[in-house]
Amino acid sequence: MAKNRKGSLKHDEKRIIKALLSQGWRNQDIQALVNIGRKYTINGARITEVKKDDSIVAATKDEVHFFEVKQHSFDEKTGLNPFVNERLIRAREAMILAVQVFNNPTTCFKSEVFTMLANVAWTYLIHEFYEQNDVNIVGCDGRTLLLSKAIERNDCPFNDGVKNNLRSLKKLRDEVEHKLLGRADFKWLGLFQACCLNFDRVLCQLFGKKINSCTRTILRTPIF
C-alpha cells in the first residue's frame, strides 16, 4: 500500500524526532507532540522509520526547545499558531480593531480607520491563501501583491459580491488619503457590515470553520 504523502514527515520534523528519541522519549509521546496542529496526523510507524534511519542527524537542543514551544502555542479554540499563522492572526485582529474603532463613541475618525484596517485584513487573508497554495506574491520590485490586483486575478477565490464590496471599499480608502469624508459615517454602514460578514465567511471557507474573526456584531450608527 502506498504511503499517504500528506501525512509524511518533513525533514526538520525527522531531525526533531531523532533528537527526542536520543533523549529517551517514548514513541507515543513523540507522536502526540508532532501531531499537535497537524491536519494530516502521523502514526507510530513514522517514528519507527526515523529511529531506524541512521542518515538522519538529530536536531540541536535549541531546535528541540523551539519546536516544543511552537507545538504548545496552538490556540485550542481557533487552531491558530503565532509561529505558523501570523498572517491569519493579524488579519483577524485588524478586522476586529476596525469594528471596535467604528463602534467607539469617543472616536470621530471612524470610516477612515475602518477602510484602512479592513484593507489590511483582507490583504493578509489573500496573501495567506496564495502562500498556502505555493503562489508567489512578491513582485520584481520586492513588493507584495496588492489587494486591488489580487481580486482581479483569475485564481482569486473570492466571489463577485466580495470583489465588488472590496472595490468600493478601496475607492473610499483612497479618498481618505486626499480629502475629508465629513461626518457621514452612517452612509457606509451597509458597505462596512457586508465587508465584515464577507470576511468571516471567506475566512472560514478558506481556512476552517473554527477560524472566525468575531466581527459579526452589527456596526452601530455613530453618535455625534
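The values are calculated or read from the model by the stated rules, or taken from the named source; none is laboratory data. For clarity, every value in this text was computed on a predicted model and none was experimentally measured. Every residue, glycine among them, receives a Cβ derived from its backbone with ideal geometry; neighbour counts consider all protein chains shown.
Determine if the range 101-109 includes at least one residue that is of a type outside the set (F, W, Y) and not in a loop (DSSP other than H, G, I, E, B).
First, pick out the residues of the range 101-109 that are of a type outside the set (F, W, Y): 101, 103-108.
Going one step further and asking which of them are not in a loop (DSSP other than H, G, I, E, B), we end up with 101, 103.
Within the range 101-109, one or more residues are of a type outside the set (F, W, Y) and not in a loop (DSSP other than H, G, I, E, B).
Could we say that T48 is of a type in the set (S, T, Y) and either closer than 30 Å to K179 by Cβ or in contact (Cβ under 8 Å) with a residue 40 or more places away in the chain (or both) here? Outline the logic, then answer.
Numbers: of a type in the set (S, T, Y): yes; either closer than 30 Å to K179 by Cβ or in contact (Cβ under 8 Å) with a residue 40 or more places away in the chain (or both): no.
So T48 does not fit the description; no.
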* Please work out which one of (1) farther than 30 Å from L191 by Cβ; (2) touching a Cys at 6+ places or on another chain (Cβ under 9 Å) is the condition V84 fails and give its number. => (2)
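Restricting attention to the range 52-62, and to residues there that are surrounded by 14 or more Cβ atoms within 10 Å (Cβ to Cβ) and not β-branched (V, I, T), which single residue is nearest to the chain's Cα centre (by Cα)? I'd like the intermediate steps shown before the answer.
Within the range 52-62, the subset surrounded by 14 or more Cβ atoms within 10 Å (Cβ to Cβ) is 56, 58-59.
From what's left, not β-branched (V, I, T): 58-59.
Working: A58: 31, A59: 28 Å.
Ranking the qualifying residues of the range 52-62, first place goes to A59.
Quick one: how many residues across the range 122-146 are aliphatic (A, V, I, L, M) and either at pLDDT 95 or above or loosely packed, with under 12 Cβ neighbours inside 10 Å (or both)?
Going through the range 122-146, the residues aliphatic (A, V, I, L, M) turn out to be 125-126, 135, 137-138, 145-146.
Next cut, either at pLDDT 95 or above or loosely packed, with under 12 Cβ neighbours inside 10 Å (or both) only: 125-126, 138.
Number satisfying all stated conditions: 3.
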